[in-house]
Structure formats: structure tokens, C-alpha cells
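For reference, the structure discussed in these notes is given below.
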Amino acid sequence: MSSSSSSSSSNIFTNYPLLCALVAFTMAQSIKFFTSWYKERRWDIKQLVGSGGMPSSHSATVAALATAIGFQEGFGGALFAIALILACVVMYDATGVRLQAGRQAEVLNQIVYELPAEHPLAESRPLHELLGHTPPQVVAGGLLGIVTALVGHLIILSAS
């Protein structure tokens, strides 16, 4: 491996925006995992990777990414603009299309459940209902992402 590819591959482990996004995602999914245990008194491993719920891990991820890029590259730059628009699209989609798709899945599952046993669709596997997020879940995820990037920025400042 050449020295240039070696040094560029080690940069991924010090990529502040990427690390902030991954930490925010992990924190949001962990919150859902432990909240689920607290409410239901059982461990649900699906909560670590599943979509939906409080807070929105999608929103936390893109908000952390955009905020970290803003701190690193400047909030007036093109990279921040791209990241901000990406974050807005993801968050809008979570409360719009994906939320409505989840609600439609809920209705369809109820219809299939009420079908007579001899109907060909009666044995269909249920559709996944928890796809999107309510606005408070998206806001909570966004705030988690911003705080994660801010804490990361403060850690970097204190280390230098």
C-alpha cells in the first residue's frame, strides 16, 4: 500500500463530521433500545437498528453531519449548504412520506387481519408499520445531532 493511500485511509477514523454522525446515530438508537426496555420490561434487539420511534436517528445523523461540517468548513460554505439541504430533505421525508406510509401499512395490516382464513392474503406477513416519525421525534433527533456535533467541536477545541 502506498503512503498516500495509507494516510488517506487512516483519516476516516479522525473524520470529525463522520464520527459525529455515527455517534449521534448510535446514541439515538441506544435511547430507543433502553426506552423500549423501560416501557416493556423486555429487550428488543430490533430497536438498535429499526426505524421509527423517539428520537429520530435519521434526523440525529444528518443534523450532526451538517452541524459538524459547519464547524469544520464554515457555515457559509458550499459543503455546509449541501449537508443542510440533505438534512432538511431527510427530516421532511421522515415526517411526511415515511410517516404516511407507516400509517397506510397499519390500515392494510388491519384489513388483512380481518380477511377470512380461506382468502389467499389471509396468511400474508404483516407490513412494517413504524416507518416514519412525528414532528417531536424529528425535532428531538435534530437537537440530539446538533448537541453531539457541538460537544465534538468543544472536545476538538480543548484538545488543541
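The values are calculated or read from the model by the stated rules, or taken from the named source; none is laboratory data. A quick note: this is a predicted structure, and the numbers were derived from the prediction, not measured. Note that each Cβ is placed from the backbone with ideal geometry, even for glycine, and that neighbours are counted across all protein chains shown.
From the set of residues in the stretch 25-47 that are modelled with pLDDT of 85 or more and of a type in the set (Ser, Thr, Tyr), which is nearest to Ala159 (Cα to Cα)? Step through it out loud before you land on a result.
Within the stretch 25-47, the first condition is being modelled with pLDDT of 85 or more, and the residues that meet it are 25-31.
Imposing the further condition that a residue be of a type in the set (Ser, Thr, Tyr) reduces the set to 26, 30.
Working: Thr26: 23, Ser30: 27 Å.
Residue satisfying both the conditions and the ranking: Thr26.
Look through the stretch 144-160, keep the residues that are part of a helix (DSSP H, G or I) and either of a type outside the set (A, V, I, L, M, F, W, C) or crowded, with 19+ Cβ neighbours inside 10 Å (or both), and return whichever of them is farthest from the chain's Cα centre (by Cα). Walk me through how you get there before you give the answer.
Restricting attention to the stretch 144-160, the residues satisfying the condition of being part of a helix (DSSP H, G or I) are 144-159.
Now restrict to residues that are either of a type outside the set (A, V, I, L, M, F, W, C) or crowded, with 19+ Cβ neighbours inside 10 Å (or both): 144-146, 148-149, 152-153, 158.
Details: Leu144: 10, Gly145: 9, Ile146: 13, Thr148: 13, Ala149: 15, Gly152: 18, His153: 20, Ser158: 28 Å.
Here the residue is Ser158.
Within the group Val151, Val112, which residue is modelled with pLDDT of 90 or more and either touching a helix residue (DSSP H, G or I) at 6+ places or on another chain (Cβ under 6 Å) or on the phi < 0 side of the Ramachandran plot (or both)?
Working: Val112 fails: modelled with pLDDT of 90 or more.
None of the others qualify; the one that does is Val151.
State whether one or more residues within the stretch 56-64 are under 22 Å from Pro135 (Cβ atoms), modelled with pLDDT of 80 or more, among the aliphatic types (A, V, I, L, M) and touching a Cys at 6+ places or on another chain (Cβ under 7 Å). Give the derivation first.
Taking the stretch 56-64 first, the residues under 22 Å from Pro135 (Cβ atoms) are 56-64.
So of that shortlist, the ones also modelled with pLDDT of 80 or more come out as 56-64.
Next, from what is left, pick out any that are among the aliphatic types (A, V, I, L, M): 60, 62-64.
Keeping just the survivors that are touching a Cys at 6+ places or on another chain (Cβ under 7 Å) gives 64.
The answer is yes; a qualifying residue exists.
Among the residues of the stretch 24-43, count how many are in a helix (DSSP H, G or I), among the hydrophobic types (A, V, I, L, M, F, W, C) and either in contact with a strand residue (DSSP E or B) (Cβ under 7 Å, 6 or more places away or on another chain) or over 15 Å from Gly142 (Cβ atoms) (or both). Quick ask: steps written out before the conclusion?
So the first thing to find is which residues in the stretch 24-43 are in a helix (DSSP H, G or I), and the list is 24-40.
With the extra rule that they be among the hydrophobic types (A, V, I, L, M, F, W, C), the set shrinks to 24-25, 27-28, 31, 33-34, 37.
From what is left, the residues that are either in contact with a strand residue (DSSP E or B) (Cβ under 7 Å, 6 or more places away or on another chain) or over 15 Å from Gly142 (Cβ atoms) (or both) are 33-34, 37.
Matching residues across the stretch 24-43 total 3.
Could you identify the single residue in Gly141, Gly74 that is under 25 Å from Leu157 (Cα atoms), at pLDDT 90 or above and loosely packed, with under 14 Cβ neighbours inside 10 Å? Don't jump to the end; show me each part of the working.
Numbers: Gly141 fails: loosely packed, with under 14 Cβ neighbours inside 10 Å.
Selected residue: Gly74, the only one of Gly141, Gly74 that is under 25 Å from Leu157 (Cα atoms), at pLDDT 90 or above and loosely packed, with under 14 Cβ neighbours inside 10 Å.
Exactly one condition in (1) modelled with pLDDT of 95 or more; (2) not in a helix (DSSP H, G or I); (3) not β-branched (Val, Ile, Thr) is false for Gly52; which is it?
Of everything listed in (1) modelled with pLDDT of 95 or more; (2) not in a helix (DSSP H, G or I); (3) not β-branched (Val, Ile, Thr), Gly52 misses just condition (1).
Among Leu86, Leu79, Leu22, which is the only one that is at pLDDT 75 or above, more than 14 Å from the chain's Cα centre (by Cα) and surrounded by fewer than 16 Cβ atoms within 10 Å (Cβ to Cβ)?
Details: Leu86 fails: more than 14 Å from the chain's Cα centre (by Cα); Leu22 fails: more than 14 Å from the chain's Cα centre (by Cα).
It is Leu79.
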